2 protein chains.
Amino acid sequence: MVAPLTIALDAMGGDHGPEVVIGGAGLSRARHPDTRYLLFGQEDTIAPLLEADSGLAENCEIIHTDVAIPMDAKPSQALRKGRWKSSMWLAIEAVRDGKADAVVSAGNTGALMAMARFCLKTLPGIERPAIAAIWPTVASECIVLDVGANVSADTRQLIDFAVMGAAMARGVFGLERPTVGLLNIGVEEIKGLEDIRSAGAALRTSEPPFDYRGFVEGSDVGMGAVDVVVTEGFAGNIALKTAEGTARQIAEYLRAAMNRSLLARLGALLAQGAFRALAEKMDPRHSNGGIFLGLNGIVIKSHGGADATGFASAVDLAYEMAHGRLVERIAENVEKFHTKLDIDDVA
Amino acid sequence: MVAPLTIALDAMGGDHGPEVVIGGAGLSRARHPDTRYLLFGQEDTIAPLLEADSGLAENCEIIHTDVAIPMDAKPSQALRKGRWKSSMWLAIEAVRDGKADAVVSAGNTGALMAMARFCLKTLPGIERPAIAAIWPTVASECIVLDVGANVSADTRQLIDFAVMGAAMARGVFGLERPTVGLLNIGVEEIKGLEDIRSAGAALRTSEPPFDYRGFVEGSDVGMGAVDVVVTEGFAGNIALKTAEGTARQIAEYLRAAMNRSLLARLGALLAQGAFRALAEKMDPRHSNGGIFLGLNGIVIKSHGGADATGFASAVDLAYEMAHGRLVERIAENVEKFHTKLDIDDVA
């Protein structure tokens, strides 16, 4: 029997605050009825919302605090003003103290990363945490990291991202030996940035605990060429947002095309079930949530603008990561591979 | 009256060689019947293909050479073995010598850039050329540069890219004062790489000859937020290919959705005109062609795997760029803005 999980929620984070957080918890609970939630924030705002959601209250505990981190706070400001007492900090602390198995916040990314690093610390051997995203592909899904924790990555960090991403793929996709590629601007060995080329060389020769497939290009990600795509955070963030923008753009084209004639409108009406399935598949709310990897604890960042459906996806993700024993898997893999690779040689 | 244009074609470049090049020239000529083409390559392969295309031969001149640059040649190899004599080199040389107004090649990008720089030289004041792409947006089109000439760009180069991109937007979109954005991972001033932030600061305060709109994100490109998106070549290339991959992925989803039930198939049948229009709009062959900016001459790179329709788009692009007096516009703008900005301050 698996013990029920506890998830800490920063109830004050995000553009819409407690309403979306509690709504999202309610939706996620319907899928995982045993889960318990710790809600950090303004008790007098949270309590009435909880009561309105039948049954949710019995899975929840409210931990009151007056302090919330503004969405536009700089990470250093957030740390200075919100440490020890903000809803974001307290939710992270619950993970550190073993009171929760994971934390979810829709608050500001920089502040969340700064606090999570400060409070949870990085895993032994990991220099910098990364943010991973689950990216829908033609075949199923893949993991892309880093999508924005850092604006660059050296050889050593790229290798760590590969190891962490592969450990995550093992935990959440159940793959024994996930395939891993390095994102680059061409598949030939001579292409791209120095650090990417040397990370590629190191992975090729070091028998890593995954199936290293070499370089992949931007067009390979959505086609599902590999299970894990490794990149530094600048290009990764640009790629992720470009894909989101392209999906929105094509949805616009499709809407316009289906309205251009009576026949097209009639056709669209007949095919409305199919269009609904397509819209569902393309709905960015279903893949909402950045997973912070490399910390002593599971931290999930929801989109700041997410609605309850989107926030629920992030809570689901926290649930899956905790069930997949993400942190332990990463720690084991990093330790083994670092010993083997003699990582200082490539640092 | 406008004098007819002459376009130099590297007939041996690309995965499919002369067949696609001559087929593409034929398609483009149907739209621009006055244009003349100089075809560089194996005469005995080219001549029969030309004769098969009724009427095209009278607009063409074949310049024979035995030497072709392999698609996998390194730039340095290509220069060493192909300079003065390959089809790629001779086609570029025709532009340098004023015998052609533009050159198009589907050959290997690195080799084409190396030869073009060596033969044509960069414009005064430009350190590094960039490759620009025309990117379809919800509203119309925008220009994105650099999409892969370089794997990094400093402050000075980003500013040059902005000036060149804006000059191109003026020439090809006919915009008096194009809007320009710097691609970044957030719109706040504190976000992103140092060089992007300082380029942003310089553009904000220097009254550039365009409407500088600040940072844009990956999701803004396809939504048409600005006319010109400026980025270094690594992220730009990743973004471009990610958008292509996402479009292919959604086309797959759509096909699958329209086949999932009898009703959907019937709907798709009724709406087939609309689907055809959508497919046309999403067809990557219609936006085939990277434009090399910053050289003393117009050089267009077609996708190596392009078919005749795709190659014809690249030839059309060469035609438009030559008609829009691209090189003169860029030279004027760079000179004016450099004088004004006192560019050495930000270098």
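Readers should treat all values here as calculations from the given coordinates under stated rules, not as data from a laboratory. Computed from a predicted structure; not experimentally measured. Cβ placement follows ideal geometry from the backbone for every residue including glycine, while neighbour counts extend to all protein chains displayed.
Observations, loosely collected:
- Beyond 22 Å, the tail of the calculated P(r) for the stretch A:1-99 holds 28 percent of the Cα pairs.
- Test item: B:179-186 mean partner chain Cβ contacts at 10 Å: 3
- The stretch A:82-217: antiparallel DSSP beta bridges as a percent of all, rounded to 5: 55
- Calculated translational diffusion coefficient of chain B (10 °C, 1.306 mPa s; Stokes-Einstein with Kirkwood radius over alpha-carbon pairs) equals 76 µm²/s.
- Relative packing of peptides B:63-72, A:116-125 - highest average C-beta neighbours within 10 Å first: A:116-125, B:63-72
- Computed over chain B, the per-residue total of -39500 (n - 2.57) for DSSP H runs of n ≥ 4 gives a 222 nm mean residue ellipticity of -15000 deg cm²/dmol, rounded to 500.
- DSSP beta bridges in the stretch B:127-286 [antiparallel fraction, %, rounded to 5]: 35
- For residues of B:249-260, the mean tally of beta carbons on other chains within 10 Å: 6
- Alpha-carbon centroid distance for the pair the stretch B:145-190 / the stretch B:235-313, whole angstrom: 24
- Positive-pole candidate from A:ALA166, A:PHE215, A:ALA268, dipole of the stretch A:127-286, charges at beta carbon: A:ALA268
- Copy-to-copy label distances for A:HIS32, where each label lies 7 Å from Cα along Cα-to-Cβ, are 5.9 nm in order of increasing length.
- Mean Cα-pair separation over length for chain A, i.e. relative contact order, pairs under 8 Å, 6 or more apart, %: 23
- Separation of the stretch B:8-64 and the stretch A:28-52, taken as the distance between their Cα centroids, equals 70 angstrom.
- B:ARG276 sits among other residues whose Cβ lies under 14 Å from its own Cβ, and their net charge, with Lys and Arg +1 and Asp and Glu -1, is +1.
- The Rg/Rh ratio for the stretch A:72-213 is 1.01, where Rg is the radius of gyration of the alpha carbons and Rh is the Kirkwood radius.
- Position A:THR339, label points 7 Å along Cα→Cβ, spacing to each other copy in nm (shortest first, one decimal): 6.9
- J(HN,Hα) series, the stretch A:249-264, from Karplus relation 6.51 cos²θ - 1.76 cosθ + 1.60, nearest Hz, glycine and proline x: 4, 5, 4, 4, 4, 5, 4, 5, 4, 6, 10, 7, 8, 4, 4, 5
- A protection proxy built from the mean count of other Cβ atoms within 10 Å ranks the segments B:30-38, A:151-159, most packed first, as A:151-159, B:30-38.
- Take every DSSP beta bridge whose two residues both sit in the protein assembly as shown; close to 35 percent of them are antiparallel.
- Entries of A:LYS241/A:LYS281; B:LYS99/B:LYS336; A:LYS301/B:LYS191; A:LYS74/A:LYS241; A:LYS241/A:LYS301; A:LYS74/A:LYS99 with Cα pairs more than 20 Å apart: B:LYS99/B:LYS336; A:LYS74/A:LYS241; A:LYS74/A:LYS99
- Phi angles across the stretch B:164-181 convert, under the Karplus curve 6.51 cos²θ - 1.76 cosθ + 1.60 with θ = phi - 60°, into 3J(HN,Hα) values of 5, x, 5, 4, 5, 4, 5, x, 9, 9, x, 8, 5, 9, x, 8, 10, x Hz, Gly and Pro given as x.
- Exam field: B:SER76 pseudo-label spacings to other copies (7 Å along Cα-Cβ), nanometres: 4.3
- In a reduced charge model with +1 at each Lys and Arg Cβ and -1 at each Asp and Glu Cβ, the stretch B:127-286 shows a dipole moment near 820 debye about its Cα centre.
- The mean number of partner chain beta-carbon atoms within 10 angstrom of a residue's beta-carbon across peptide B:144-154 is 1.
- Cα-based shape type of the stretch B:127-286, given that a ≥ b ≥ c are square roots of the gyration tensor eigenvalues and the cut on a/c is 1.5: prolate
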